[in-house]
Amino acid sequence: NHPECVRAIHKEYIAAGCDAIKTNTFGANYLLCDDTHMIDQIIQAGYEIACDAVRGTDIQVFADIGYIRTDNDDVEQEYLRIVRKFISLGAENFLFESLGEYTPIIKAIAEIKRRLPEAFVIVSFAVSQDGYSKRGYYYKDLLAQSAENKDIDAIGLNCVCGPSHLCNLMKQV
């Protein structure tokens, strides 16, 4: 609803020296609402605002796809739908973040690399200080599973429990 605010935040990151920004689309999925047209509009606006913010720079834009917390069987299809929308807009970099599990994104990542072999895909898992995701998966298992997928270019953890806890977990890897 306030694209000028989102653009200003992107510009602040750029001014601070970032190499990449992500679209403001983390929660744009069917859990937000059941109107796929509206979700697509949010994805398009988020992507266009980010692209506008980096215009004239070497800074990369990553299509930000957040974790879809659900037990619905169609969660894989929702990831595919979101990825296809970003691809139709011209996205070449993808960030799947704050994931609580690995398997629902496998088909979406394969679709990205099938259609855009040079795309860059980052996968990031959210875990508590004990190393478990909200879905009950241990971080070492999540990292190992995703490391086996050659379509993923970078994997990691993102901050749910604080940076010192993540640092301790990563030292154990």
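The values are calculated or read from the model by the stated rules, or taken from the named source; none is laboratory data. Please read all numbers here as calculations on a predicted model, not as lab measurements. Cβ: placed from backbone, ideal geometry, glycine included. Neighbour counts: every protein chain shown. Keep in mind that these areas ignore ligands, DNA and RNA; they rest on the heavy atoms of the full protein, side chains included. Shrake-Rupley method; radii C 1.70, N 1.55, O 1.52, S 1.80 Å.
Of note:
- From the list Asp40, Asp34, the one residue that fits, being modelled with pLDDT under 95 and on the phi < 0 side of the Ramachandran plot, is Asp34.
- Residue satisfying all of: in the stretch 153-163; assigned to a strand (DSSP E or B) and surrounded by fewer than 18 Cβ atoms within 10 Å (Cβ to Cβ); modelled with the highest pLDDT among these: Ala154
- The stretch 133-142 - residue that is in contact with a Phe, Trp or Tyr (Cβ under 7 Å, 6 or more places away or on another chain) and in contact (Cβ under 8 Å) with a residue 24 or more places away in the chain and, of those, surrounded by the most Cβ atoms within 10 Å (Cβ to Cβ): Leu142
- Residues that are of a type in the set (Ser, Thr, Tyr) and either touching a residue at least 60 places away in the same chain (Cβ under 8 Å) or open to solvent by 20 Å² or more (accessible area, probe 1.4 Å) (or both), drawn from the stretch 60-83: Thr70
- Residue in the stretch 125-132 that is among the polar types (S, T, N, Q), open to solvent by 30 Å² or more (accessible area, probe 1.4 Å), without any contact (Cβ under 8 Å) to a residue 24 or more places away in the chain and more than 30 Å from His37 (Cβ to Cβ) present: no
- Beta carbons closer than 8 Å, at least 6 apart along the sequence or on distinct chains, pair a first residue in the stretch 84-106 that is at positive phi with a second that is open to solvent by less than 40 Å² (accessible area, probe 1.4 Å) and part of a helix (DSSP H, G or I) for Gly90/Tyr47; Gly90/Cys51.
- Residue ID - nearest to the chain's Cα centre (by Cα), chosen from residues in the stretch 1-56 that are surrounded by 18 or more Cβ atoms within 10 Å (Cβ to Cβ) and in a strand (DSSP E or B): Lys22
- Any hit, the stretch 130-152, residues being at pLDDT 95 or above, assigned to a helix (DSSP H, G or I) and either within 18 Å of Gly27 (Cβ to Cβ) or of a type in the set (D, E, K, R) (or both): yes
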